1. Answer yes or no as to whether TYR110 is under 19 Å from LEU28 (Cα atoms), touching a residue at least 40 places away in the same chain (Cβ under 8 Å) and touching a Cys at 6+ places or on another chain (Cβ under 7 Å).
2. As an exercise: evaluate ALA111 against (1) open to solvent by less than 70 Å² (accessible area, probe 1.4 Å); (2) touching a Gly at 6+ places or on another chain (Cβ under 8 Å) and give the number of the one condition it does not meet.
3. Going through the range 168-186 one residue at a time, which ones are open to solvent by 70 Å² or more (accessible area, probe 1.4 Å) and either within 16 Å of the chain's Cα centre (by Cα) or modelled with pLDDT of 95 or more (or both)?
4. Filter the range 43-67 for residues that are among the basic types (Lys, Arg), at pLDDT 85 or above and more than 10 Å from LEU27 (Cα to Cα) and give the result.
5. Just a yes or no: is a residue in the range 115-124 modelled with pLDDT of 85 or more, assigned to a helix (DSSP H, G or I), basic (Lys, Arg) and open to solvent by 30 Å² or more (accessible area, probe 1.4 Å)?
6. So, GLY158, is that one more than 26 Å from LEU70 (Cα to Cα), at pLDDT 90 or above and in a loop (DSSP other than H, G, I, E, B) or not?
7. Any idea how many residues of the range 65-82 are open to solvent by 60 Å² or more (accessible area, probe 1.4 Å) and polar (S, T, N, Q)?
8. Does THR78 qualify as being in contact (Cβ under 8 Å) with a residue 24 or more places away in the chain, β-branched (Val, Ile, Thr) and either in contact with a Ser or Thr (Cβ under 9 Å, 6 or more places away or on another chain) or more than 23 Å from VAL124 (Cβ to Cβ) (or both)?
Amino acid sequence: MGQEQAITDRATAGAAARLGASARDILLDAARDLMIEGGSSDVSLHAIARRAGVTAPLVKYYFGSKEGLLTALVEADTSRSLSQLQELLALDVSATQKLTLHVTGIIRNYARHPYLNGLLNRLVRDAGTEASERIKANFVEPLIHAQRRIIEEGIAAGEFRAIDPDHAYFLIVGACQYLFGTRVPFRDLMNGAPSQDTFVRTFTAEAVDFVLRALRAKP
């Protein structure tokens, strides 16, 4: 058994060497494609490996486990958004303008990665795991803190009515992600609208207007 495992390990290392640095991206792209096509974050390692044209041991070679691959996928898909969020907080503009850009950014990210919310919930739900702690620390907490800061700035400036920033977080994120989290069951009912760029653009405008009207301070 040990000799067979050693042969498998050598074969896997050889395949990794042939694929080079692109192998990780190939595997992540395969996982993305399967999640979008299936409308679910529940995909198997073997399915990902087949789509990527490699063997399952190669997935474990690069990511250690399925959880490791999914965590790497979330980090890859959110890194740019988090960087932009920090830049947004530093802008010298009103809280209303910041929130407009923030809501637009959330929707655009979900439109690009419609599986993301389900994947985040799945990883964070397994409390105590390394993946759960990494996702909380590197994505969920920065997002919550950034949005809380925008809301508090708006309240202090008299732009927004008094509201619990934590309540606002769930209201805003819920409004932004629901369309994409339910795109499969609604696809036929709405003539495929949730997957159309024009629909996403008009939905973004309506969502921003909806959120700002709800938060606007009364004269």
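The values are calculated or read from the model by the stated rules, or taken from the named source; none is laboratory data. Computed from a prediction, not measured in an experiment: that's the story for all the values here. Methodologically, a virtual Cβ is constructed for each residue, glycine included, from the backbone with ideal geometry; neighbour enumeration extends over all protein chains shown. Accessible surface areas use protein heavy atoms only, side chains included; no ligands, DNA or RNA. Shrake-Rupley method; radii C 1.70, N 1.55, O 1.52, S 1.80 Å.
1. On the way: under 19 Å from LEU28 (Cα atoms): yes; touching a residue at least 40 places away in the same chain (Cβ under 8 Å): yes; touching a Cys at 6+ places or on another chain (Cβ under 7 Å): yes.
Yes, satisfied.
2. ALA111 satisfies all of (1) open to solvent by less than 70 Å² (accessible area, probe 1.4 Å); (2) touching a Gly at 6+ places or on another chain (Cβ under 8 Å) except (2).
3. Selection gives PHE170, TYR178.
4. Just the residues of the range 43-67 that are among the basic types (Lys, Arg), to begin with: 50-51, 60, 66.
When the remaining residues are screened for being at pLDDT 85 or above, the result is 50-51, 66.
Residue satisfying the conditions is LYS66 alone.
5. No.
6. Numbers: more than 26 Å from LEU70 (Cα to Cα): yes; at pLDDT 90 or above: yes; in a loop (DSSP other than H, G, I, E, B): yes.
In short, yes.
7. Step one: of the range 65-82, the residues open to solvent by 60 Å² or more (accessible area, probe 1.4 Å) are 67, 79-80.
Narrowing further to those that are polar (S, T, N, Q): 79.
So the count comes out to 1.
8. Details: in contact (Cβ under 8 Å) with a residue 24 or more places away in the chain: yes; β-branched (Val, Ile, Thr): yes; either in contact with a Ser or Thr (Cβ under 9 Å, 6 or more places away or on another chain) or more than 23 Å from VAL124 (Cβ to Cβ) (or both): no.
No, not satisfied.
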